[in-house]
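Student: Handing you a structure now.
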Amino acid sequence: MTAEKRSLHINRLERRWIIASAILLVIFMLAITVTSLAGGIAVPAPVARVNPQTVDKEGPFANPGLRELAPGKYEAYILSQIWSFNPREITVPAGSSVTFYVTSKDVQHGFHLDGTNINMQIVPGQVSRLTAKLDKPGEYNFICHEYCGLGHAAMFGKVIVTPK
Ligand code: CUA
């Protein structure tokens, strides 16, 4: 066998497409990196473990809702279950910073707050946390965006941001 026969025979056009695909991959990776940095994307990590069986009886989720830590600084504990969020509605003044702690007592849910970068997967046994700065008065819906059964489409609530 000659050296030529042992080498890979890549058609010229094929080679061009392989190079073009590799360049595209690099462009996509750069696009993801740049947009995640520019868009301030924070990957939600589980910040605590809870027992889904007792989460509504003990700990902060036994009494879910809004807590004011300081003027303009809030924590919102939201318990999700099929097919509702508790509480369904919270109200804060404009300019507030709200840290959402969300967990589930049954199946997997989702939590997306319209108009913000809050978008989390809600897994039973884990607490997901993200913070939003709510500057503009208005009503912001939060919805479950992970299919969780028959009532999934009815699983939503809202954050009301009142003018200062
Ligand atoms: Cu909860 Cu979909």
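Student: Confirm whether LYS164 is more than 16 Å from the ligand (Cβ to nearest atom), assigned to a loop (DSSP other than H, G, I, E, B) and not hydroxyl-bearing (Ser, Thr, Tyr).
Tutor: So LYS164 passes the test.
Student: May I pose another question? Condition test on ARG67, is it within 16 Å of the ligand (Cβ to nearest atom) and of a type outside the set (A, V, I, L, M, F, W, C)?
Tutor: Taking the combined requirement at face value, the residue does not satisfy it.
Student: Another question about this same structure. May I ask you to list the residues in the range 83-112 that are within 16 Å of the ligand (Cβ to nearest atom), of a type in the set (A, V, I, L, M) and within 27 Å of ASP135 (Cβ to Cβ)?
Tutor: If the condition is that a residue be within 16 Å of the ligand (Cβ to nearest atom), of a type in the set (A, V, I, L, M) and within 27 Å of ASP135 (Cβ to Cβ), then VAL102 is the only one that fits.
Student: Any idea which residue in the range 126-149 is farthest from PRO46 (Cα to Cα), counting only those that are within 10 Å of the ligand (Cβ to nearest atom) and not in a strand (DSSP E or B)?
Tutor: Within the range 126-149, the match that is farthest from PRO46 (Cα to Cα) is GLY149.
Student: On the basis of being under 19 Å from the mean Cα position of the chain (by Cα) and within 16 Å of the ligand (Cβ to nearest atom), does SER80 make the cut? Give the steps one after another, and end with the answer.
Tutor: On the way: under 19 Å from the mean Cα position of the chain (by Cα): yes; within 16 Å of the ligand (Cβ to nearest atom): yes.
Answer is yes for this residue.
Student: Report, by residue number, each residue of the range 17-42 that is surrounded by 10 or more Cβ atoms within 10 Å (Cβ to Cβ) and under 20 Å from HIS112 (Cα atoms).
Tutor: Within the range 17-42, THR35, SER36, ILE41, ALA42 qualify.
Student: Sticking with this one: Among the listed residues ARG129, ARG88, which satisfies the condition of being among the basic types (Lys, Arg), under 22 Å from ASP56 (Cβ atoms) and at pLDDT 95 or above? Walk me through it before giving the result.
Tutor: Working: ARG129 fails: at pLDDT 95 or above.
So the residue among ARG129, ARG88 that is among the basic types (Lys, Arg), under 22 Å from ASP56 (Cβ atoms) and at pLDDT 95 or above is ARG88.
Student: Restricting to the range 117-164, name every residue that is basic (Lys, Arg) and touching a residue at least 40 places away in the same chain (Cβ under 8 Å).
Tutor: If the condition is that a residue be basic (Lys, Arg) and touching a residue at least 40 places away in the same chain (Cβ under 8 Å), then ARG129, LYS136, LYS158, LYS164 are the ones that fit.
Student: From the residues in the range 55-108 that are among the small types (Gly, Ala, Ser) and in a strand (DSSP E or B), which one is surrounded by the fewest Cβ atoms within 10 Å (Cβ to Cβ)?
Tutor: Here the answer is ALA70.
The values are calculated or read from the model by the stated rules, or taken from the named source; none is laboratory data. Note that the coordinates shown come from a computational prediction; the quantities given were computed from them, not determined experimentally. Cβ: placed from backbone, ideal geometry, glycine included. Neighbour counts: every protein chain shown.
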